[in-house]
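The values are calculated or read from the model by the stated rules, or taken from the named source; none is laboratory data. All of these numbers come straight from a predicted model, not from anything done at the bench. Glycine gets a Cβ as well: all are built from the backbone with ideal geometry, and neighbour counts include every protein chain shown.
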Amino acid sequence: MEQKNPNPEGARAPSDARPNPLERSESSLPPHFRPSNYEVPVTPGITREAYDSEETPTPIAGQSEQSGYFSQKDIDHALAASPGPVGVDTGEANFQAKIIEGAEGSKDFLRRLNFAVMGARRDSISEIRKSSPDLSLTGNIISATFNIPHSLKYRKGADWELKPRRGQSALFDAFSYLSSDDSPWNHTVVAWTGEIETPTDALSPPSTPPGTTVHLSSLNVLSRPVPINGETAPPTPPLVDGLWIPHDDIQRLEHQLSHDKKIKTVPVWLADDADGHDDDGIRLKDQARWRRYAEHELYTLFHYKQHEPTDGRAERVQWADYYRMNQKFANKILEVYKPGDIVIVHDYNLMLLPSMLRQRAPHMYISFYLHSPFPSSEFLRCLPRRKEVLEGVLGSNLVGFQSYSYSRHFASCCTRVLGFPSDTTGVEAYGTRVEVGVFPIGIDAIKVASLAWTDSVNEKYDALKKLHAGKKIVVGRDRLDSVRGVAQKLMAFERFLEQYPEWRDKVVLIQVTSPTNIEEKEDPENKIASRVNELVSKINGMYGSLSFSPVQHYPQYISQDEYFALLRAGDIGLITSVRDGMNTTSLEYVICQRETAGPLILSEFSGTAGSLKDAIHINPWDLSGVAEQINNALTMSDEQRQKMEKNLLSHVISKNVQFWIAGFLRRLVGVLASRKDVVATPLLDRATMLKKYRDAKKRLFMFDYDGTLTPIVREPSAAVPSERLLRSLKALASDPRNAVWIISGRDQEFLNQHLGHITGLGFSAEHGSFMKNPGSSTWENLAEKFDMGWQEEVIDVFQKFTDKVPGAFIERKRCAVTWHYRLADPEQGLHESRECQKELESTVARKWDVEVMAGKANLEVRPTFINKGEIVKRLVATYNSDVQTLDAPNPESAAGRNVEFALCMGDDFTDEDMFRALNGLTAPSDSDPEIEADNCFSVTVGPSTKLTLARWHLLEAEDVIDCVALLAGVGAGGGGASGGVLSMGEVNLAALSVVEDHIPETESKL
């Protein structure tokens, strides 16, 4: 049956009534990508013929090959004008024509705008290199984003059809700028191809009807076949077994994208390795699967929407796809990466990528920018894969967010979920510091100003104003998903008409809702659309008439010209997002209102609210409050409106997309340069340590306990030694040439309980207050004569803070008192510990000879003359003078010898006293050293950037146990050395091979 032409003014020939097969192939696309959904004009009085037809060309064939994805251009110039929009080569003429039209219509404004945007001087890459020569920057930037800037249409054996992709306009404008001659950088984009439109089997003239309508979507949803059982949908026809793309066509697309003059792009092909790739081509099946985890799990949670509990099976499959997708991105980036390149990873689809890149290229310069909101820890903890997601992002050097609250949430989550120390500017993780910053994104102000005043836009603007003459226009343009607040906007507008009857028949809300590109579980698109349609019908039925509808709702895509005409025609811009990362509509509205100064009403939950301080901020959940602000905006004086517009326009022009990306890069380079200036403690050289150990006849070991021999745990009583550690310590202590001491803040009872059965160990408890020599069963109290009356005063202060901090508790020792907050809220505990320390230092510490020390999740008060450094001095002096203490096999040969090997390991502030004492003993100012510096190994446990007096570092307690096991000859499984080195870890095996100058035989036979 022939379908009626819905547009009688633009009548078409009968041959055009039915689309050709190429047009009908859109059935394989998601609804929001189908031209029939968005290529429909909505401006009243404007027909299809009013729009210029624009053919999307392909890059010119036969272009010369370049040496790589980065072109080598002159990089000594400064940043300049904004680039053109994302597009393909031959669309440039049409776009330039629009710019010329707009420029002629408002030359003065564009001239001032160019001056404002271009006025600031910006550094060239040579100046950046000069300021940070140690970075060895190549001048190349690799931007990793999920979707390429083009939507692709494939025809076998022909050039690919590239169309600008809808959405993410600010990000793509930033890519255009970085790729333009106005940027000092050489830029390329690594991105997924996106869902590729399935080609038709045969090509035919546009007017040729298809041979069959099987598997083709109906032109009208009402013309679908009605099933016999009206309650059940008709069966879905089986899907074709994927899209097969030959190798030649793959290379053709890669050539087109790599030689695109706007944005050079390297595509990532996503397919199952088992049946997707071979030498002949690639088969793409279920292309949307690669976005499901990010959109079902991350997007919804980041926008504060929580799913109902599930059995997790579907989530596990989606997670596997998400992980593999990030891995394929890492593989592709490493193909084009060169040392000195900068990699910028964008958005939640690629949150695992920074860590994957860091593992394979440890010295890569990596930054991550999240374009969506980041939730508080209460919401993020609902995500089953929360740790993996956070750890993935922490592979970056710099993490950027849209607003301060998002950055604060991220740092808090790293502390609460992963246990990493953090503050407002960064997170300490994996031996380094990950900086966190706020970088509000902008728009390309020059491009928007140029396109918003063309003749085509003017025509549509006049039509809108004529149609709604005498009425105030409230404009809204949102995607149709649950976080954009379209339903809240309609309910608030209904409340406005109810509260202010004088505005009825005088105000019209024009709401455009484009289909969302996010698949949602809880609120599918049709459910949201039904709710919106119900509200529209309700409002129009209650407050409308036959001649007027107060809400004009257009649920479809609109053209660029229509969009700018709508923003220009509005008297009020109304944005009611319930959770939003970046809303460019608000920024574009400000540009379009430069002449009429219509007020902007902006949700306080939008990511741009923090930047647009002069806009009218509203809570979209407060319907009466929104209605009141709509009335205030309509009655606002001209002077107030002009003042608001002036301030907003100044911000949007100055904080544009070029300012955003340039500032982000400048901060990244600054972070990288500052890291180069930090004096890093080298990683412990195990081979050198092993050689010195074997050569020595007198050896002294001094180990801290918590955080060194065992990892830090939330419950102190749970820090028990592992079997491998016990075997290693027993093996060391059994050698008569070794003296092994545990110097801990723990009390005697704990040390006796867990380590006392190893008779060859010596102990120092409570930071040096008590000592027990190897083989002895009695403890010596070194603070016996000291007055302990201060403890009651300290306990009173500690108790006051214990009452304030749930989970905190007091540990009273013989010579010290410790306040623990490991089980408390980490942020509250840290804050209250600082307050408690201030109070103790201003009271008890002034009356008594005690010191207040902040440890790892604890605060301890002890006498000042008792510390681990004094114990170290005492031990070195004792073993240097008393050879018989070591019970050496040949005391005569050891006579007069000092300690020839010393290993001291610790992790916190109290252990710095040991390192300070050892440094003094190895390099005294007035006598010979007690220990040769080359034979003394002071090792701190923690990052290389940690401020310490130690000469070496190890990352974690497990590394300490590995080193002790290496010296003791204990394998990875806890067994002895008699079985060979088969169970030895790779790092220890490498050190042993270096010392012995060959791979051990039992290993080489594998």
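Kindly provide the set of residues from the stretch 429-439 that are touching a residue at least 40 places away in the same chain (Cβ under 8 Å) and touching a helix residue (DSSP H, G or I) at 6+ places or on another chain (Cβ under 7 Å), ordered by number. Don't jump to the end; show me each part of the working.
First pass over the stretch 429-439, keeping only residues touching a residue at least 40 places away in the same chain (Cβ under 8 Å): 430-435, 437, 439.
Across the stretch 429-439, the qualifying residues are Glu435, Gly437, Phe439.
In the stretch 301-325, what residues are surrounded by fewer than 23 Cβ atoms within 10 Å (Cβ to Cβ), touching a residue at least 60 places away in the same chain (Cβ under 8 Å) and not hydrophobic (A, V, I, L, M, F, W, C)?
The answer is Tyr304, Lys305, Gln306, His307, Glu308, Gly312, Glu315.
Among the residues of the stretch 599-653, write down those that are under 31 Å from the mean Cα position of the chain (by Cα) and surrounded by fewer than 17 Cβ atoms within 10 Å (Cβ to Cβ).
Across the stretch 599-653, the qualifying residues are Glu604, Gly610, Lys613, Asn619, Trp621, Ser650.
All but one of (1) at negative phi; (2) surrounded by fewer than 20 Cβ atoms within 10 Å (Cβ to Cβ) hold for Gly807; state the number of the condition that does not hold.
Single failed check for Gly807: (1).
Are there any helices (runs of 4 or more DSSP H) wholly within the stretch 339-438 with 3 or more residues that are farther than 15 Å from Ile142 by Cβ and either of a type in the set (Asp, Glu) or within 13 Å of the chain's Cα centre (by Cα) (or both), and if so which?
Those helices (runs of 4 or more DSSP H) span 386-393, 404-418.
For Ile282, state whether it is under 30 Å from Leu135 (Cβ atoms), buried (at least 16 other Cβ atoms within 10 Å of the Cβ) and not assigned by TED's automatic domain parsing to the domain that holds Ser577.
no
Read through the list (1) within 26 Å of His831 (Cβ to Cβ); (2) among the β-branched types (Val, Ile, Thr); (3) in contact with a Lys or Arg (Cβ under 6 Å, 6 or more places away or on another chain), then give the number of the only condition that Val434 fails.
(3)
Of a type in the set (A, V, I, L, M), outside any strand (DSSP E or B) and in contact (Cβ under 8 Å) with a residue 12 or more places away in the chain: is that true of Met702 in this structure?
Here the answer is no, as Met702 does not meet what is asked.
For the stretch 672-692, state whether one or more residues are farther than 30 Å from Val438 by Cβ, in a strand (DSSP E or B), assigned by TED's automatic domain parsing to the domain that holds Gln753 and modelled with pLDDT of 90 or more.
No, there is no match, as no residue in the stretch 672-692 is farther than 30 Å from Val438 by Cβ, in a strand (DSSP E or B), assigned by TED's automatic domain parsing to the domain that holds Gln753 and modelled with pLDDT of 90 or more.
Quick one: in the stretch 788-841, of everything that is hydrophobic (A, V, I, L, M, F, W, C) and within 20 Å of Cys413 (Cα to Cα), which residue is nearest to the chain's Cα centre (by Cα)?
Leu830
Find the residue count for the stretch 174-201, including only residues that are surrounded by 18 or more Cβ atoms within 10 Å (Cβ to Cβ) and under 21 Å from Asp341 (Cα atoms).
Residues flagged as surrounded by 18 or more Cβ atoms within 10 Å (Cβ to Cβ) and under 21 Å from Asp341 (Cα atoms) within the stretch 174-201 amount to 18.
What pairs come up if the first residue lies in the stretch 536-549 and is assigned by TED's automatic domain parsing to the domain that holds Met491 and in contact (Cβ under 8 Å) with a residue 60 or more places away in the chain, the second is charged (D, E, K, R) and buried (at least 16 other Cβ atoms within 10 Å of the Cβ), and their beta carbons are under 7 Å apart, counting only those six or more places apart or on different chains?
Pairs that qualify, where the first residue is assigned by TED's automatic domain parsing to the domain that holds Met491 and in contact (Cβ under 8 Å) with a residue 60 or more places away in the chain and the partner is charged (D, E, K, R) and buried (at least 16 other Cβ atoms within 10 Å of the Cβ): there are none.
Here are some conditions: (1) surrounded by fewer than 19 Cβ atoms within 10 Å (Cβ to Cβ); (2) out of contact with any Asp or Glu (no Cβ under 8 Å at 6 or more places or on another chain); (3) of a type outside the set (A, V, I, L, M). Pro716 meets all but one. Which one does it not meet?
So the condition that Pro716 fails would be (2).
Conditions tested, residue by residue: (1) out of contact with any Ser or Thr (no Cβ under 9 Å at 6 or more places or on another chain); (2) modelled with pLDDT of 90 or more; (3) of a type outside the set (Gly, Ala, Ser).
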{"residue": "Asp505", "(1), (2), (3)": "no, yes, yes"}
{"residue": "Val512", "(1), (2), (3)": "yes, yes, yes"}
{"residue": "Asn517", "(1), (2), (3)": "yes, no, yes"}
{"residue": "Ile539", "(1), (2), (3)": "no, yes, yes"}
{"residue": "Leu566", "(1), (2), (3)": "no, yes, yes"}
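Looking at Val399, Val438, Val417, Val393, can you tell me which residue is surrounded by fewer than 24 Cβ atoms within 10 Å (Cβ to Cβ) and touching a strand residue (DSSP E or B) at 6+ places or on another chain (Cβ under 7 Å)?
Values: Val399 fails: surrounded by fewer than 24 Cβ atoms within 10 Å (Cβ to Cβ); Val417 fails: touching a strand residue (DSSP E or B) at 6+ places or on another chain (Cβ under 7 Å); Val393 fails: surrounded by fewer than 24 Cβ atoms within 10 Å (Cβ to Cβ).
After applying the criteria, what remains is Val438.
Which of the residues spanning the stretch 138-148 are touching a strand residue (DSSP E or B) at 6+ places or on another chain (Cβ under 7 Å) and either charged (D, E, K, R) or part of a loop (DSSP other than H, G, I, E, B) (or both)?
Those that are touching a strand residue (DSSP E or B) at 6+ places or on another chain (Cβ under 7 Å) and either charged (D, E, K, R) or part of a loop (DSSP other than H, G, I, E, B) (or both): Gly139, Ile148.
So which of Leu875, Leu859, Leu903 ends up being modelled with pLDDT of 90 or more and assigned to a helix (DSSP H, G or I)?
Only one candidate qualifies: Leu875.
Looking at (1) surrounded by 14 or more Cβ atoms within 10 Å (Cβ to Cβ); (2) modelled with pLDDT under 90; (3) under 44 Å from the mean Cα position of the chain (by Cα), which one does Ala783 not meet, given that it meets all the others?
With respect to (1) surrounded by 14 or more Cβ atoms within 10 Å (Cβ to Cβ); (2) modelled with pLDDT under 90; (3) under 44 Å from the mean Cα position of the chain (by Cα), Ala783 is out only on (3).
Taking Asn919, is it modelled with pLDDT of 90 or more, assigned by TED's automatic domain parsing to the domain that holds Arg724 and among the polar types (S, T, N, Q)?
Here the answer is yes, as Asn919 does meet what is asked.
When the residues of the stretch 706-748 are narrowed to those that are part of a helix (DSSP H, G or I), within 44 Å of the chain's Cα centre (by Cα) and not polar (S, T, N, Q), which ends up modelled with the lowest pLDDT?
Pro716
In the set Ser927, Ser938, which member is free of Cβ contacts under 8 Å to residues at least 40 places away in the same chain and surrounded by 22 or more Cβ atoms within 10 Å (Cβ to Cβ)?
Going through Ser927, Ser938 in turn, the sole match is Ser938.
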